Amino acid sequence: MSRRRPARPGGINRRTPTRTAAAAAVVLLALTACSSPAGGQEENAASPFPTHVHALALKPGTTDVLLASHEGIFELDGNELRPTGANIDLMGFAVDGNGDYLASGHPGPGVDLPNPVGLIRSTDGENWTQESLAGQSDFHALAATSGGIIGFDGTLRLSGDGKTWSDSPTQLTPYSLAGSPSGPLAVATTEDGAYRSDDAGRSWSKIPDSPVIMLAAVTAQSRIVGVLPDGRILTSEDPGAPWDSAGQVAGYPVAVTAAETEDGLQIWVMTDAGLEHSADGGKSFSTLVQQPAGTS
């Protein structure tokens, strides 16, 4: 679930000395998190390990993990991450209920798209079609619900078809957005707590007693997973309160996704330690792919 991340020198975000300060700064840094220059990415696009992972998502109906990064989409292949998409700096990324990939960001060398790309759509991460706002919008947060698309490019915007947009009647400044692929529920994380929408982003209300959650994911069953700046995991059944404490990831969190399976709630978190996974609802995590030495 998407996202924008505070830019940190040398790659994926690093753990900060003061987590409270990091939480307060996330929204202020959100729109400056894009690290690619106006002309696109570096010429060295074929990275063996993604830098600046902006969002995680799952292929619909599966637990196959997609990583939206500075170098495009990577997929989990055994204990490695394999690049499978076009060279596009995917600042915002979501997968809708039909399985389409929705994204925004900046084209890399050899990619024939405007800069910024606006909203683009794909079924495979390699071939993208232009939907709207070409050369105008760089959505640093995207979410897809059954009621449409929610995007933030400095203004919280709504679209039912990806072609036309309107401003949300309730404006927020989200750090991250998450939506249920099977319903209208959406969650926005902000510097003063988490907000929820039950109508695909048209109206928002603060979740009672919400902590300052940095990242959020929403499952098809409307379970909300929150990640605090220090890596602690919280979960909540609809309607979003109260929160239940779970475990903690090993590294500094930059993206999260989750799914409820026959074996229970599974959570994936990208951190500066690598791709971490929990098969027990966030109580414990193991590292599926460790960040290689020298890539930080």
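The values are calculated or read from the model by the stated rules, or taken from the named source; none is laboratory data. All values derive from a computational prediction rather than experimental measurement. Don't worry about glycine lacking a Cβ; one is built from the backbone with ideal geometry, like all the others, and counts go over all protein chains shown. Accessible surface areas use protein heavy atoms only, side chains included; no ligands, DNA or RNA. Shrake-Rupley method; radii C 1.70, N 1.55, O 1.52, S 1.80 Å.
Observations
- Built amide H within the under 5 Å cut-off of Val65, gap 5+: Leu76
- With θ taken as phi - 60° and the Karplus curve 6.51 cos²θ - 1.76 cosθ + 1.60 applied, the whole-hertz 3J(HN,Hα) list for region 264-279 is x, 6, 10, 10, 10, 10, 8, 10, 6, 9, x, 8, 9, 9, 10, 9 Hz, x standing for glycine and proline.
- Shape class of region 121-238 from the Cα gyration tensor (axes a ≥ b ≥ c, square roots of the eigenvalues): prolate, since a/c reaches 1.5 or more and a/b is larger than b/c.
- Take the Cα of Asn98, go 7 Å toward its beta carbon, and the backbone nitrogen atoms of region 49-72 under 16 Å from that spot belong to 60.
- The GluC sites (Glu not before Pro) found in region 112-214 that occupy coil by DSSP, while having at most 15 further C-beta atoms within 10 Å, are Glu126.
- Projected area, mean over directions - region 182-287, Cα convex hull, nm²: 6.1 nm²
- Residues whose amide H lies under 5 Å from that of Ile207, counting only those 5 or more places away or on a different chain, are Ala194, Tyr195, Arg196; hydrogens are built 1.01 Å from N in the peptide plane.
- Each Lys or Arg adds one and each Asp or Glu subtracts one; over the other residues with Cβ under 11 Å from the Cβ of Gln130, this totals 0.
- Based on protein heavy atoms only, region 216-296 ends up with 37 Å² per residue of surface accessible to a 1.4 Å probe.
- Alpha-carbon centroid distance for the pair region 171-239 / region 69-100, whole angstrom: 22 Å
- Projected onto its three principal axes, the C-alpha set of region 72-153 covers 36, 33, 18 Å, listed from the longest axis down.
- Straight-distance candidates among the aspartates and glutamates for linking to Lys59, with alpha-carbon spacing under 12 Å and chain neighbours fewer than 8 residues away dropped: Glu75, Asp96, Asp100, Asp124.
- For Glu260 and Ser166, a Förster radius of 35 Å and the Cβ-Cβ distance give a FRET efficiency of 0.65, rounded to the nearest 0.05.
- With the cut-off at under 16 Å, measuring from each backbone N in region 266-289 to a point 7 Å along the Cα-to-Cβ line of Ala250 picks out 268-279, 283-289.
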